[in-house]
Amino acid sequence: MKSILCFGDSNTWGCSPDLPRRYNHEERWTRLLQSKLPEGYLVIEEGLNSRTTVLEDPYEAGKKGLDYLLPCIESHHPDFVVLMLGTNDLKSRFNVTASDISKGAARLVTLIQNYQHNFMQKPPQVLLVSPTHVLEVDPSKEGFAGAEAKSKELGYYYHLRSEELGCHFFDAATQIQPCPKEGIHWQADQHKKFADILAQRIPTIL
């Protein structure tokens, strides 16, 4: 059995942009991915709303991805990690550049690549996913001033980091779009599309 850890934020957790709810097992991409992969794969969901790469949120505790990633890896011993974080790093309170955000993601990739345990033959492989764009279309979405322009730079910098680290890469913004009215979270059809993309790609790697 090959295990795939999906480590991300609210778009991995399955937050709906239309209603205050979590997408169910038939809707969110992680569960859809499990159903679309051949036998012999186990998908592990590790999404958390508002999770950052390496930044400590001054208003919400427990959101720093770096703090949870190592115990998560040690708990699951995955063969493969789909890492998709960076959207919450765009919040204006952090005041970091797209390049800085990519370096935060790279630090997480490095942690995964350097993980060693006697029960594992080798460290997990990593697919670094540059997140979808943020659209500044909803006035009620506080804290994302200036995020749209910055989000459109992430694909470039994430690709650079993936080349430096020798990990797999996918720019989600080239295929997946956030809700046009809410601007951050994915509608159900985009979850299905993302699952389809990964279900085709992962078996060619793992």
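For Lys181, the aspartates and glutamates whose Cα comes closer than 12 Å to its Cα, not counting residues fewer than 8 places off in the same chain, are Asp18, Glu136, Asp138. Quick one: Debye curve from the C-alpha atoms of the chain, no solvent, what's log10 I(q)/I(0) at q = 0.08, 0.13 Å⁻¹? Reported log10 I(q)/I(0), two decimals: -0.24, -0.66. Looking at region 133-206, the trypsin sites (Lys or Arg not before Pro) that sit in a DSSP loop and have at most 12 other Cβ atoms within 10 Å of their own Cβ are Lys181. Relative contact order for region 70-206: 26 percent, from Cα pairs under 8 Å spaced at least 6 residues apart, divided by residue count.
Between exposed chymotrypsin sites (Phe, Trp or Tyr not before Pro) in the chain, where DSSP calls loop and at most 14 other Cβ atoms lie within 10 Å, what's the longest gap?
Longest site-free region, per DSSP loop and neighbour criteria: 120-206.
Kindly identify region 106-200 as rounded, prolate or oblate by the Cα gyration tensor criterion: order the square roots of the eigenvalues as a ≥ b ≥ c, call it rounded if a/c is under 1.5, otherwise compare a/b with b/c, prolate if a/b is larger, else oblate. Walk me through the intermediate numbers first.
Values: a/c = 2.43, a/b = 1.81, b/c = 1.35.
Taking the square roots of the gyration eigenvalues as a ≥ b ≥ c, region 106-200 is prolate.
Of the trypsin sites (Lys or Arg not before Pro) found in region 28-95, those in coil by DSSP whose Cβ has at most 14 other Cβ atoms within 10 Å are Arg93.
For region 1-115, the Kirkwood estimate of the hydrodynamic radius, built from every pair of different alpha carbons, is 14.9 Å. Surface listing: Asp138, Asp100 arranged by accessible area from highest to lowest gives Asp100, Asp138, probe 1.4 Å. Of the residues Pro58, Gln125, Val109, the one whose Cα sits farthest toward the positive end of the charge dipole of region 19-132, with +1 on the Cβ of Lys and Arg and -1 on the Cβ of Asp and Glu, is Pro58.
The calculated Kirkwood hydrodynamic radius for region 116-172 is 13.5 Å, given to one decimal from all distinct C-alpha pairs.
FRET efficiency for the pair Leu66 and Leu160, taken as 1/(1 + (r/R0)^6) with r the Cβ-Cβ distance and R0 = 22 Å, rounds to 0.65.
Computed from backbone phi with θ = phi - 60° and the Karplus coefficients 6.51, -1.76 and 1.60, the 3J(HN,Hα) list for region 173-183 is 5, 6, 10, 10, 10, x, 4, x, 9, 9, x Hz; x is used for glycine and proline. Rounded to the nearest 500, the 222 nm mean residue ellipticity of the chain from helices alone is -11000 deg cm²/dmol, with -39,500 (n - 2.57) taken per DSSP H run of at least 4 residues.
Just list whichever of Lys141/Lys192; Lys150/Lys192; Lys152/Lys193; Lys36/Lys91; Lys122/Lys152; Lys2/Lys91 have alpha carbons separated by over 32 Å in the model shown.
Beyond 32 Å between Cα atoms: Lys36/Lys91; Lys122/Lys152; Lys2/Lys91.
The values are calculated or read from the model by the stated rules, or taken from the named source; none is laboratory data. All values derive from a computational prediction rather than experimental measurement. Neighbour counts are summed over all protein chains in view; Cβ atoms, including those assigned to glycine, are modelled from backbone coordinates with ideal geometry. All accessible areas refer to the heavy atoms of the entire protein, side chains included, with ligands and DNA or RNA removed. Shrake-Rupley method; radii C 1.70, N 1.55, O 1.52, S 1.80 Å.
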